[in-house]
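Trainee: Sending over a structure as structure tokens; questions will come in a sec.
The values are calculated or read from the model by the stated rules, or taken from the named source; none is laboratory data. All figures in this text were calculated on a predicted structure; none of them were measured in a lab. Virtual Cβ from ideal backbone geometry, glycine too; neighbours counted across all protein chains shown. For accessibility, only protein heavy atoms count, side chains too; no ligands or nucleic acids. Shrake-Rupley method; radii C 1.70, N 1.55, O 1.52, S 1.80 Å.
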Amino acid sequence: QDVGQGVMGHVAKTSKPYFTPNVEHDDFYYHPQGQGMGAAIGVPMRYEDKLIGVVYIQNAVPNSIIEDDIPVLETLANHLASALQNARLFADVHDHLTTANSLQSISQIVTSSLELEKIFATVVNLLQENYGYNHVSIYQLEGDTLRLGAQVGYPTDLIIHEIRITSGVTGRAIRTRQTQFLPNVKNDPSFLRASHEVQSEIC
């Protein structure tokens, strides 16, 4: 429901409680089928003066909700807002820990092994498993050619084993010494397709 639409949208827009004893005669009430009955009340969920949601209650019987219910719902909304914010903070911390653990695992592998093939294979698999990337590859620069060290996710018949630094987004990363980010690979004619599923790329 859009902000400003219906009782919920009105509460979100004004960030103030709203109560109607009979939705049938209320200017703000919205129903997809154009009908409705009963009483309704909505209160904003705020955290540190920031609106993060709305608590909305409706009964099918007119006048079955009274204005005195507003303070009760406001107290509930405050508790819900705190709980929601705590859950979001926990999710953020969990994501950061996952990232830190992944990087630590990669660092340990890189420093504890002298086998490049093992390092490359482990790194591409960790990046795919922990970050959800569909396709991951590592290329080594040898002269003016990039040679595939390891990959995961690419169809066998489309794998590109060698890339000249004069071609492709990977080659451009070498030539410019800068990270390449393509939100949509279709917009970059330099992109070399090694999978029909790839839509975006970081190099």
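Trainee: Condition first: over 25 Å from ALA87 (Cβ atoms) and either β-branched (Val, Ile, Thr) or not in a loop (DSSP other than H, G, I, E, B) (or both). Now tell me which residues in the range 47-70 satisfy that. Outline the logic, then answer.
Mentor: Initially, the range 47-70 is screened for residues over 25 Å from ALA87 (Cβ atoms), giving 58-70.
Within the range 47-70, GLN58, ASN59, VAL61, ILE65, ILE66, ASP69, ILE70 qualify.
Yes/no matrix, rows are residues, columns are (1) within 19 Å of VAL11 (Cα to Cα); (2) of a type in the set (D, E, K, R):
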residue	(1), (2)
TYR29	yes, no
LYS50	yes, yes
TYR56	yes, no
VAL72	yes, no
LEU80	yes, no
LEU84	yes, no
ASN101	no, no
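Trainee: Then there's this: Picking from THR111, THR98, which residue would you name as being within 23 Å of the chain's Cα centre (by Cα) and part of a helix (DSSP H, G or I)?
Mentor: Values: THR111 fails: within 23 Å of the chain's Cα centre (by Cα).
Exactly one residue qualifies, and that residue is THR98.
Trainee: Which of the following residues is touching a His at 6+ places or on another chain (Cβ under 7 Å) and in a loop (DSSP other than H, G, I, E, B): TYR154, TYR133? Before you say what the answer is, go through the steps one by one.
Mentor: Details: TYR133 fails: touching a His at 6+ places or on another chain (Cβ under 7 Å).
Result of the check over TYR154, TYR133: TYR154.
Trainee: Does ARG193 fit the bill of being outside any loop (DSSP other than H, G, I, E, B) and open to solvent by 50 Å² or more (accessible area, probe 1.4 Å)? Break it down stepwise before answering.
Mentor: Values: outside any loop (DSSP other than H, G, I, E, B): no; open to solvent by 50 Å² or more (accessible area, probe 1.4 Å): yes.
So ARG193 fails the test.
Trainee: Do you know which residues across the range 131-162 are hydrophobic (A, V, I, L, M, F, W, C) and closer than 21 Å to ILE119 by Cα?
Mentor: Passing the criteria: VAL136, ILE138, LEU141, LEU146, LEU148, ALA150, VAL152, ILE159, ILE160.
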